[in-house]
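Trainee: Sending over a structure as structure tokens; questions will come in a sec.
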Amino acid sequence: MGAALRLLPLGQLTGQRILWNASPLIATLAVLTGFAGQAGASAPLQKTQSPGYYRMMVGDIEVTALNDGTFQMDVAKLLQGIKPPALDKALARSFLKSPVEASVNGFLLNTGAKLVLVDTGAGSFYGPTLGKLVANLKAAGYQPEQVDEIYITHMHVDHVGGLVADGKRVFPNAVVRAGQAEGEYWLSQAKLDAAPADGKDGFLHAMATINPYLAAGKYKPFIGDIELVPGVRALGTAGHTPGHTVYVVESKGEKLVLWGDLMHVASVQFPDPTVTIGFDSDAKAARAQRARIFADAADKAYMVGGAHLPFPGLGHLRKDGAGYDFLPVNYTRLN
Ligand SMILES: [Zn+2]
């Protein structure tokens, strides 16, 4: 559109300016006749958001961020290693306060040969503000039956809950893959039995969502940092959970790393990556993984995607003192 405008002869531009100058007169006439006032007063508020998908390319791989919804994250209770005055200040600097409305994002990768979904959202496990990933996948032009592979960053229910609905597989043709250590932990009957009463849900939810795929011969854990399909490889980042894995997407010299729960609260953990969260299985290891992966992302200047960053959860890291700035992705209309 910019190029077209530059080619317009001066006369047309002048004409456009005259029309624009005339518009207040038209508006005045509309108010005098009562038309504009009625139209404004009768339009109800819509109170809905745009469809929760965002598309971009990484080389030849099409990436579609899919929003599963949002939830209220009580960061004042959950974050560790930061005291209330500093926490409130960090939140206020981003015009936020606790609880923070946090996104839950999955990412669909079309490699040209395979359709791969990274994480599935919460499904029906977290109430009506979540569980919208499949609706947004459909809005983005795909059907659950088309998904070939699902890569799980970890087995917390806001990442695996969308695998099932009413106990049945939502993605009937997909193979589910996760780091071997993740399944060995969360799918272990012995660990479920040993867990305290208030710690059993994590195991039960992982079993409820993964076992239908296991029973169908469609759960295939992997060991090590291997390539899963051309252009997508696993990178072990144990800490948040015992088998937490990030996924590296690369094509034609471009790169995107999908972080899962490497971090949770942008306004706090980018400026101070040492802050941990109560969900961590091993907070010390989670902190070390975050330091390593943040530094790599800023140093090599590739795109990252976070499961709980504000939708679409995509952007770059820039070093800023002891911490980082997050620069959200520049909007592209793609076509
Ligand atoms: Zn999560």
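Trainee: To the nearest 0.05, how large is the calculated FRET efficiency for residue 74 and residue 184 if R₀ is 22 Å and r is the Cβ-Cβ distance?
Mentor: Approximately 0.15, to the nearest 0.05.
Trainee: Follow-up question, since we're still on this one. How much of the accessible area of the chain, in percent, comes from carbon and sulfur atoms when a 1.4 Å probe is used?
Mentor: Roughly 58 percent, rounded to a whole number.
Trainee: Counting Lys and Arg as +1 and Asp and Glu as -1, what is the net charge of the other residues whose Cβ lies under 14 Å from the Cβ of residue 238?
Mentor: With Lys, Arg at +1 and Asp, Glu at -1, the neighbours total -2.
Trainee: Sort 325-333, 232-240, 274-282 by the packing proxy (mean of other Cβ within 10 Å over each peptide's residues), most packed first.
Mentor: Taking the mean over residues of other Cβ atoms within 10 Å, the ranking is 232-240, 274-282, 325-333.
Trainee: Considering amide H positions built from the backbone, and no H for Pro or chain starts, which residues 5 or more places from residue 228, or on another chain, come under 5 Å of its amide H?
Mentor: For residue 228, the qualifying residues are 233, 234.
Trainee: Whole number in Å², please: accessible area per residue of the stretch 244-335, 1.4 Å probe, ligands, DNA and RNA not counted.
Mentor: Averaged over the residues of the stretch 244-335, the accessible area is 43 Å².
Trainee: Please report the net charge: other residues with Cβ closer than 12 Å to the Cβ of residue 270, K and R +1, D and E -1.
Mentor: Result for the neighbourhood of residue 270: +1.
Trainee: Using DSSP to call loops (not H, G, I, E or B), can you name the chymotrypsin sites (Phe, Trp or Tyr not before Pro) in the stretch 69-154 whose Cβ has at most 12 other Cβ atoms within 10 angstrom?
Mentor: Passing sites in the stretch 69-154 are 95.
Trainee: Can you find, among 127, 237, 214, the residue farthest towards the positive end of the dipole of the chain? Put +1 on the C-beta of Lys and Arg, -1 on that of Asp and Glu.
Mentor: The Cα lying farthest towards the positive end belongs to 127.
Trainee: Might you report the magnitude of the Cβ-based charge dipole of the stretch 184-284 about its Cα centre, with Lys and Arg at +1 and Asp and Glu at -1, to the nearest 20 debye?
Mentor: Dipole size: approximately 300 debye.
Trainee: Show me the trypsin sites (Lys or Arg not before Pro) within the stretch 46-115 that DSSP assigns to loop and that have at most 10 other Cβ atoms within 10 Å of their Cβ.
Mentor: 47
Trainee: Sticking with this one: Rounded to the nearest 10 degrees, what's the angle between the helix 84-93 long axis and the longest principal axis of the chain, both from Cα atoms, 0 to 90?
Mentor: The angle comes out near 40 degrees.
Trainee: If I fit a long axis through the Cα atoms of helix 10-33 and take the longest principal axis of the Cα atoms of the chain, what angle between them do I get, 0 to 90°, rounded to 10?
Mentor: That works out to roughly 90 degrees.
Trainee: Any of 138/220; 47/132; 200/284; 252/300 with alpha carbons more than 20 Å apart? Name them for me.
Mentor: In this structure, 138/220; 200/284 lie more than 20 Å apart at Cα.
Trainee: May I pose another question? According to a simple spin-label model (label point 7 Å from Cα along Cα-to-Cβ), what is the distance in nm between residue 319 and residue 41?
Mentor: Rounded to a tenth, the inter-label distance reads 6.2 nm.
The values are calculated or read from the model by the stated rules, or taken from the named source; none is laboratory data. Given the structure is predicted, the values throughout are model-derived calculations rather than measurements. Positions of Cβ are backbone-derived with ideal geometry, glycine not excepted, and every protein chain shown enters the neighbour counts. All accessible areas refer to the heavy atoms of the entire protein, side chains included, with ligands and DNA or RNA removed. Shrake-Rupley method; radii C 1.70, N 1.55, O 1.52, S 1.80 Å.
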